[in-house]
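Notes to accompany the following structure.
Bear in mind that the values in this text are calculations on the coordinates, not laboratory data. Because the structure is predicted, anything quoted here is derived from the model rather than measured. Cβ: placed from backbone, ideal geometry, glycine included. Neighbour counts: every protein chain shown.
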Amino acid sequence: MHNNYERRTVLLCERINGEEEVPNNVQAIVLVDGTDYPDVLAHVSVRARNLKVMFVVVFDEAKQKELLSLNGKHIFLTTENHSV
């Protein structure tokens, strides 16, 4: 995560340890491995929140595979509110 991007970018990450910085022009960080994710108080989580960068963890295995297949493509993300 030490890269800077010229264009608005969504990062699809397989691993995050929590100490990373959010690169310039990153609009969203999507962690596609729901088995190991940083705490909401981890450095990267706090930085993303302060920079108003969406940071999500994908737990659904089918969605993980779908997102990984989009690597290098232009995508548009939306969110859904699921009440529990």
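This model, with +1 at the C-beta of Lys and Arg and -1 at the C-beta of Asp and Glu, gives the chain a dipole about its Cα centre of some 380 debye. Each Lys or Arg adds one and each Asp or Glu subtracts one; over the other residues with Cβ under 14 Å from the Cβ of residue 43, this totals -2.
Among 43, 3, 17, pick out the residue whose Cα is farthest towards the positive end of the charge dipole of the chain, where Lys and Arg carry +1 and Asp and Glu carry -1 on C-beta, about the Cα centre. Towards the positive end, the residue furthest out is 3.
In a shell of Cβ-Cβ distance under 11 Å around residue 64, excluding residue 64 itself, what net charge do Lys and Arg (+1) and Asp and Glu (-1) give? Computed value for this residue: -3.
For the chain, adding -39500 (n - 2.57) for each run of n ≥ 4 DSSP H residues and dividing by the number of residues yields -5000 deg cm²/dmol at 222 nm.
Dividing the convex hull volume of the alpha-carbon atoms in the chain by its residue count gives 109 Å³ per residue.
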